[in-house]
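Below: one structure, written as structure tokens.
Every number in this text was worked out from the coordinates using simple rules, so none of it is lab data. Note that this is a predicted model, so its numbers are computed, not measured. Neighbour counts run over all protein chains shown; Cβ positions are idealised from the backbone, glycine included.
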Amino acid sequence: MQATMIYGPRDIRFEDRPEPTIIQPTDAILSLSATCICGSDLWPYRGIAETAKPTPMGHEYCGVVEEVGREVRNIKPGQFVVGSFATSDNTCLICRDGYQSSCVQREFMSGAQAPPLRVPLADGTLVPTRDLPSKDAIPSLLATSDVLGTGWFAADAANVKPGNTVVVVGDGAVGLLAVLSARHMGAERIIAMSRHASRQKLARAFGATDIVAERGDEGVARTKDLTKGIGADSVLECVGTQDSMKQAIRSARPGGFVSYVGVPHGVELDGTELFFAHVHLHGGPAPVRRYLPELIDLVLNEKINPGKVFDLTLPIDQVAEGYRAMDERRAIKTLLQP
């Protein structure tokens, strides 16, 4: 088979690799219906995160089960399934508390930018649909695997409630689906921080009521203007940089909630500022598995359409172009068809 590998900054190759096989008796092998490129994949692509050796890429996936290990009980060949970017047994204390992305047996998925995929801990990681979904539902089901699940966690961790005023920092795919999530949870006002016209348009389609193009202190000041000088009830940080984190904390009102779901790079918090900000902080790798059953149902019942975040679709053998398009901001998120 062929699969996506990264060799170094801006060096993506679709090349021959061994077919995945059952290694542990709790594994499953999937034939993927779709996969995609994540914003976090751009960190190694841009050289911000080091690539020490050729590395398989991809952690968002959905598809049909081809084979399962002898200890897999609930996942069956022929089922259509969606899985998280982090594996989980879904039985340990941490999983039962809803934080499957920190399961004691967790592995972070890789190698999903390929037609077949091995998934460890299949029973705890994969969620089957009742029937084989329609082709039109595939993009939105794929989104639940990470980008929607992460945006949903951002809204949940920031305590978004009906009537809230919400600020979303970041207009990548996660930030845009954080807007959708906040709207579905009943937020009355959603301020999306975005400087790009196409992303502003999609943010409004997903439920944003206001757009703030300014960043840094100017962005904070504009947010305060829109909230009568108080700040937002909930702020969702969906980037992972020092500037975005500072902007998020400073945009929240005292007593407000700040979630952080962007993979951090160079983020350091000032303890004194945080002390006097008087905000709740909660974030980390999104426990997507906690939300998957609900999100899959919302998609299949056509209550939400997160698949609109994919604005470029390519055959998987053109994956390198998908990376270039996202890196150059010609695309928000690239869907890859095996």
Next item on the list: Sequence neighbours fewer than 8 away in the same chain don't count; with that in mind, list the aspartates and glutamates whose C-alpha is under 14 Å from LYS135.
Entry: GLU302
Next item on the list: Mind scanning LYS246/LYS333; LYS308/LYS333; LYS224/LYS246 and naming the pairs with a C-alpha gap bigger than 19 Å?
Entry: LYS246/LYS333
Notebook entry, point to check: Counting Lys +1, Arg +1, Asp -1, Glu -1, what net charge surrounds ILE211 among other residues with beta carbon under 13 Å of its beta carbon?
Noted result: +4
Checklist line | Gap separating the Cα centres of region 125-196 and region 55-101, nearest whole Å | finding: 21 Å
Next item on the list: Just rank VAL104, VAL267, VAL212, VAL288, fewest to most, by other beta-carbon atoms within 10 angstrom.
Entry: VAL104, VAL267, VAL212, VAL288
Check: Helix-derived [θ] at 222 nm for the chain: sum -39500 (n - 2.57) over DSSP H runs of at least 4, divide by residue count, nearest 500?
Finding: -8500 deg cm²/dmol
Notebook entry, point to check: Cα centroid distance between region 271-338 and region 1-30, in Å?
Noted result: 22 Å
Next item on the list: Straight distance only, please: which aspartates and glutamates reach the Cα of LYS201 with their own Cα at less than 18 Å, same-chain residues fewer than 8 apart left out?
Entry: ASP171, ASP210, GLU214, ASP311
Check: About its Cα centre, what dipole magnitude does the chain give when the only charges are +1 on Lys and Arg Cβ and -1 on Asp and Glu Cβ, stated in debye to the nearest 20?
Finding: 660 debye
Margin query: To the nearest 20 Debye, how big is the dipole of region 149-283 about its Cα centre, given +1 on the beta carbon of each Lys and Arg and -1 on that of each Asp and Glu?
Written below: 460 debye
Notebook entry, point to check: Which FRET efficiency, nearest 0.05, do GLU328 and LYS76 yield, Cβ-Cβ r, R0 45 Å?
Noted result: 0.60
Check: What is the sum of charges around GLN247, taking Lys and Arg as +1, Asp and Glu as -1, for the other residues whose C-beta is under 15 Å from the C-beta of GLN247?
Finding: -3
Next item on the list: For Kirkwood radius over Cα pairs in Å, several values are listed as (1) 20.1; (2) 23.2; (3) 22.4; flag the one computed from this structure.
Entry: (1)
Notebook entry, point to check: At a Förster distance of 30 Å, what's the computed FRET efficiency of ASN301 paired with LEU93, Cβ-Cβ distance as r, to 0.05?
Noted result: 0.40
Next item on the list: May I ask you to sort ILE29, ILE191 by Cβ crowding, counting other Cβ atoms within 10 Å and putting the fewest first?
Entry: ILE29, ILE191
Check: Projected onto the charge dipole of region 149-283 (+1 at Lys/Arg Cβ, -1 at Asp/Glu Cβ, origin at the Cα centre), which of VAL235, GLY163, MET245 gives the Cα projection farthest towards the positive end?
Finding: GLY163
Checklist line | Loop-exposed GluC sites (Glu not before Pro) per DSSP, neighbour cap 14 Cβ within 10 angstrom, longest uninterrupted part of the chain | finding: 108-187
Note to self: Compute the orientation-averaged projected area for region 102-222 from the convex hull of its Cα atoms and round it to one decimal in nm².
What the structure shows: 10.0 nm²
Checklist line | Shape call, region 149-283: gyration tensor on alpha carbons, a/c limit 1.5 | finding: rounded
Checklist line | Ranking of VAL179, VAL261, VAL65 by count of other Cβ atoms within 10 Å, fewest first | finding: VAL65, VAL261, VAL179
Checklist line | Label zone at GLU67 (point 7 Å along Cα-to-Cβ), backbone N below 17 Å, region 84-106 | finding: none
Check: Looking only at trypsin sites (Lys or Arg not before Pro) in DSSP loops with at most 11 other Cβ atoms within 10 Å, what is the longest site-free stretch of the chain?
Finding: 131-227
